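The values are calculated or read from the model by the stated rules, or taken from the named source; none is laboratory data. Everything quoted here is computed from the prediction, not taken from an experiment. Every residue, glycine among them, receives a Cβ derived from its backbone with ideal geometry; neighbour counts consider all protein chains shown. The protein model used for the area step is the full one, side chains on, heavy atoms only, and it has no ligands, DNA or RNA in it. Shrake-Rupley method; radii C 1.70, N 1.55, O 1.52, S 1.80 Å.
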Amino acid sequence: MLKELWNDAAGGFHPASAPDFLPEPALKEVQLRRLRAVVQRAYDKVALVRERMRERELTPAAIQTLADLRRLPFTVKADLRETYPFGLFASPMSEVVRLHASSGTTGKPIVVAYTREDIEVWSEVMARTLACCTLHNGDIVQNAYGYGLFTGGLGAHYGAEALGATVIPTSGGNTDRQIMIIRDFGVSALFSTPSYFTHLVERAGELGVDLRALPLRVGVFGAEPWSDGMRDHIEASTGIDAFDIYGLSEITGPGVASECTEHHGLHVFEDHFYPEIIDPVSGEPLPDGEEGELVLTTLSKKAMPMIRYRTRDISAIIPQRCGCGRSLRRIRRIARRSDDMLIIRGVNIFPSQIEAALLAVEGTLPHYRILLSREHGLDQMTVEVEVTPEVLSDQVRVLEDMRERIAQAIERIVGVRVGLRLVEPHSIERSQGKAQRVIDQRGD
């Protein structure tokens, strides 16, 4: 817990004393003890878990090793919707001190609960996340994640305070004011979605604010997939070090995994969240290094334990030890979700592939959207991408050359030609939070 990670003499968080550096046998001992306890709790207090275990003729006593985890049934997002709002809670409401929920744009919202102990664990893993991102108790951090029912804002806030940093809770939006605060308050780290940060950088340039000349040194970005090309663009235009973090409300919110200074995969805080990679179709576990669907089990969650939750995020466990010295395993950064896949003329396409293609072509901007339509019964895709004013003001031949280079870049990556439309800067609506990249106009 937090008090165990806090060094009173130094007045700050010491990552070397965190479980991130536990020897493997000690870590596995913690994992197994917590796994057995959380399975017992879920079996005793959550009817759905108990029914599914009984269908498999399992009791908590069957969990004798970490390998026994794969004998347990999966939990999926539909389970949370079908038991809405409180059907998966393992704690009475008298012990629940916080509720969060998803937006519910595709149906009933996902409701998640926290006991006081859960909030303390969440603060701990977020503090460890930020330590991975080189933050410390001398930093001034601007938190532009949304506050409210979305878990991002409060999760990052509590973690930064636990780290001992100074937190400015700006939340999302009001971009001009965000830029003023970065400049006037000497902000050294900023938290937001990567798409919102690119908008902020663009607006700073319009206001004549050079972010490179300011103390801002770190960006902590999450809540949506983003590509290495987007990282390169952010770092090249601002001079900051951009870190990817990962989490999801069903598990705890942000704080499940984080990049370190090596920028090669994200360390999973696996003393609290046990990772597996499975084949998305068969559900069978895959060996380290093979790509598949990430499955997570909460090892210490009291209010709403999740047993083998299928995230739909595609990743792989990196088998090698990280150069930073942490013993925690890493997963490859999440670039796509299995349920984000688009099928166009029989070809599987992910939005992240489009982003990677666009950012590989000089003269494009990191603002784009994918329009889906239907003509004569066939699905069509058109990509709108903003290009620099210099490109638009050039000769028609230059503009056509740019269009062809982008079209070829997309075709090389996704294997099919799609419609392409070059548009002026600022013509695509900017995101104040998670970017909406895909606009479905098919009218189903």
If amide H atoms are built 1.01 Å from N in the plane of the peptide, which residues on other chains or at least 5 residues away come under 5 Å of the amide H of Val438? Ile370
Cα axis of helix 151-163 to longest principal axis of the chain: angle in degrees, 0 to 90, nearest 10? 70 degrees
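Normalising by the residue count of the stretch 293-444, find the relative contact order in percent from Cα pairs under 8 Å and 6+ residues apart. List each step's numbers first, then the result.
On the way: 234 pairs, mean separation 29.0, N = 152.
It comes to 19 percent, rounded to a whole number.
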To check you understand DSSP bridge types, tell me what percent of the beta bridges within the chain (both residues inside) are antiparallel, rounded to 5. 65 percent
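For the stretch 196-331, report the translational diffusion coefficient in µm²/s to the nearest whole number, using Stokes-Einstein at 37 °C, 0.692 mPa s, and a Kirkwood Rh over Cα pairs. List each step's numbers first, then the result.
Details: Rh = 16.5 Å.
For these conditions, the coefficient is 199 µm²/s.
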Search the structure for amide H atoms under 5 Å from the amide H of Arg374, placed 1.01 Å from N in the peptide plane, and list their residues when 5 or more places away or on another chain. Gln380
Glu284 versus Glu390, label points 7 Å from Cα toward the beta carbon: distance in nm? 5.3 nm
Hey, of [x] 73, 59, 41; [y] 72, 55, 38; [z] 67, 47, 43, which did the structure itself give for Cα extents along the principal axes in Å when calculated? [x]
At 0.36 nm per residue, and after removing the present C-alpha to C-alpha distance, how many nm does the segment from Glu424 to Arg70 gain when stretched out fully? 122.3 nm
Treat each spin label as a single point 7 Å out from the Cα along the C-beta direction, and report the Glu82 to Asp176 distance in nm. 5.1 nm
Report, to the nearest whole %, how much of the accessible area of the chain belongs to carbon and sulfur atoms, 1.4 Å probe, protein only. 49 percent
Can you list the HN-Hα couplings for the stretch 41-47, worked out from phi with the Karplus curve (6.51, -1.76, 1.60; θ = phi - 60°), rounded to whole Hz and with x for Gly and Pro? 5, 5, 5, 6, 10, 10, 4
Can you list the aspartates and glutamates whose alpha carbon sits under 18 Å from that of Lys45, skipping same-chain ones fewer than 8 residues off? Glu55, Glu57, Asp79, Glu82, Glu95, Glu117, Asp118, Glu250
Between the stretch 410-444 and the stretch 221-246, the Cα center-to-center distance that results, in Å: 19 Å
Which whole-Hz couplings ³J(HN,Hα) result when phi for each residue of the stretch 213-230 is put into the Karplus expression 6.51 cos²θ - 1.76 cosθ + 1.60, θ = phi - 60°, listed in order with x for Gly and Pro? 8, 9, x, 4, 10, 9, x, 10, 10, x, 6, 7, x, 8, 9, 5, x, 5
How about the stretch 288-331: which trypsin sites (Lys or Arg not before Pro) there are in a DSSP loop, with at most 16 other Cβ atoms within 10 Å of their Cβ? Arg321
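Using a 1.4 angstrom probe, figure out how much accessible area the chain has per residue, in square angstrom, rounded to the nearest whole. The partial results should precede the final answer.
Values: 19260 Å² over 444 residues.
Dividing the accessible area of the chain by its residue count gives 43 Å².
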In nm, give the distance between the simple-model label positions of Met93 and Glu55, each being 7 Å from the Cα along the Cα-to-Cβ direction. 2.9 nm
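Taking the stretch 371-433, which GluC sites (Glu not before Pro) meet the DSSP loop condition and have no more than 15 other C-beta atoms within 10 Å?
On the way: sites: Glu375, Glu384, Glu386, Glu390, Glu400, Glu404, Glu411, Glu429; in loops: Glu429.
Listed in order of number, the matching sites are Glu429.
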Interchain or sequence-distant (5+) residues whose placed amide H lies within less than 5 Å of the amide H of Arg98 are Tyr114
Can you run phi through the Karplus equation (6.51, -1.76, 1.60; θ = phi - 60°) for the stretch 417-428 and list ³J(HN,Hα) in whole Hz, with x for Gly and Pro? 7, 10, x, 9, 9, 8, 10, 5, x, 6, 7, 9
For the chain, what is the relative contact order in percent, using Cα pairs closer than 8 Å and at least 6 residues apart in sequence? 14 percent
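What shape does the stretch 115-180 take by its C-alpha gyration tensor, where a ≥ b ≥ c are the square roots of the eigenvalues and a/c under 1.5 counts as rounded, a/b above b/c as prolate, and the rest as oblate?
It comes out oblate by the Cα gyration axes.
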